[in-house]
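I have placed the structure first, in the form of structure tokens, so that the comments after it can refer back to it.
The values are calculated or read from the model by the stated rules, or taken from the named source; none is laboratory data. A quick note: this is a predicted structure, and the numbers were derived from the prediction, not measured. Here the Cβ is made from the backbone with ideal geometry for all residues, glycine too, and neighbour counts use every protein chain on show. Note: areas computed on protein heavy atoms with side chains; ligands, DNA, RNA excluded. Shrake-Rupley method; radii C 1.70, N 1.55, O 1.52, S 1.80 Å.
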Amino acid sequence: MTSAAVLVAAGSGERLGADRPKAFVVVGGRPMWEWSLAALAAAEIDRVVTVVPPGTELPGGVAGGDTRSESVRNGLQALPREVDRVVVHDAARPLVTPDLFARCLSELEAGADAAIAAARVTDTVKEAGEDRVVVRTHDRSRLWSIQTPQAFRRAVLERALAQPDAVVRAATDDAMLVEALGGRVVVVESSPANFKVTTPHDLEVAELLLGRPAGGRG
Ligand code: CTP
Ligand code: MG
């Protein structure tokens, strides 16, 4: 098998509201996307396609699309034919650890179509109507908060992303599209430390963790 990564960095970062696309905001002394690239290198995944905002210069980068799924699709198309295992990762998760990539990929060998990083939900989760009236409380022991990396058999991910545009656009992660086709998706336990930088508060936390004098996560 040959594995490769698609690092999606083409979002605008509207909720962060910085002066540049989110993945290019400097955190801990380097552009955010570089932290994930370093973790991929440490995991010995050296074939990486970074998907960047159209018009952005990055050696080896490919242009993203209007939605995350389109960006993933563009990245996938740029991978050499022999690649049959793909790990998709958000550049917005700079605290990812190398072992998580390896753990996701190894689940594919054990028979999964997709293996996705996930943290156990620690809050009680309730469902409420538009009127804010609670209709049920979910069984927390079965709930997972989904992250990236997400590893896929390439053929499965290609089929998942080939579904009608409306289906693809509505998906909030790629694994959802595999589920829709009846694929076997397994969760790989991760930590809340692998959070996604979404808001200015998240960026402050990431800076505290990555900007430590020891030089990051050491
Ligand atoms: N992403 C992408 N192409 C898009 C949208 C998102 O490559 N058209 C990437 C982002 O760069 C990010 C990851 O997908 O690494 C997760 O998306 P999100 O956190 O939503 O980032 P943004 O879309 O940039 O942020 P926002 O939704 O606040 O605009
Ligand atoms: Mg977004």
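Things to note:
- Per-region count, the range 41-68, residues open to solvent by 80 Å² or more (accessible area, probe 1.4 Å) and closer than 19 Å to VAL83 by Cα: 3
- Taking the criterion of being in contact (Cβ under 8 Å) with a residue 40 or more places away in the chain and either open to solvent by 30 Å² or more (accessible area, probe 1.4 Å) or touching a Phe, Trp or Tyr at 6+ places or on another chain (Cβ under 7 Å) (or both), the residues of the range 1-17 that qualify are MET1, THR2, SER3, LEU7, ALA9, GLY11, SER12, ARG15, GLY17.
- Of all the residues in the range 57-71, those that are within 11 Å of ligand 1 (Cβ to nearest atom) and not small (Gly, Ala, Ser) number 5.
- Evaluating VAL49 against the criteria (1) within 13 Å of ligand 1 (Cβ to nearest atom); (2) assigned to a loop (DSSP other than H, G, I, E, B) leaves one unmet condition, (2).
- Considering the range 109-218, the qualifying strands (runs of 3 or more DSSP E), each wholly inside and each with 1 or more residues that are free of Cβ contacts under 8 Å to residues at least 24 places away in the same chain and β-branched (Val, Ile, Thr), run over 134-137.
- In the set (1) open to solvent by 20 Å² or more (accessible area, probe 1.4 Å); (2) hydroxyl-bearing (Ser, Thr, Tyr); (3) assigned to a helix (DSSP H, G or I), SER71 fails one condition alone, (1).
- Single residue of the range 5-35 satisfying the filter (β-branched (Val, Ile, Thr) and within 14 Å of ligand 1 (Cβ to nearest atom)) that is nearest to VAL86 (Cα to Cα): VAL6
- Breaking point among (1) part of a helix (DSSP H, G or I); (2) within 13 Å of ligand 1 (Cβ to nearest atom); (3) surrounded by fewer than 19 Cβ atoms within 10 Å (Cβ to Cβ), for ALA38: (2)
- Scan of the range 18-27 for residues that are open to solvent by less than 50 Å² (accessible area, probe 1.4 Å), assigned to a loop (DSSP other than H, G, I, E, B) and of a type outside the set (A, V, I, L, M), ordered by number: PRO21
- Selection status of VAL83, more than 8 Å from ligand 1 (Cβ to nearest atom), assigned to a loop (DSSP other than H, G, I, E, B), farther than 26 Å from VAL167 by Cα and open to solvent by less than 10 Å² (accessible area, probe 1.4 Å): no
- Matching residues in the range 86-120 - criterion: being open to solvent by 20 Å² or more (accessible area, probe 1.4 Å), more than 13 Å from the chain's Cα centre (by Cα) and not basic (Lys, Arg): PRO98, ASP99, ALA102, LEU105, SER106, GLU107, GLU109, ALA110, GLY111, ASP113
- Hey, VAL62 in contact with a strand residue (DSSP E or B) (Cβ under 8 Å, 6 or more places away or on another chain), assigned to a strand (DSSP E or B), farther than 16 Å from LYS22 by Cα and within 16 Å of ligand 2 (Cβ to nearest atom) or not: no
- The residue that is surrounded by the fewest Cβ atoms within 10 Å (Cβ to Cβ), counting only those in the range 181-218 that are small (Gly, Ala, Ser) and modelled with pLDDT of 95 or more, is GLY182.
- When residues of the range 151-180 are limited to those that are open to solvent by 50 Å² or more (accessible area, probe 1.4 Å) and among the β-branched types (Val, Ile, Thr), the one modelled with the highest pLDDT: VAL167
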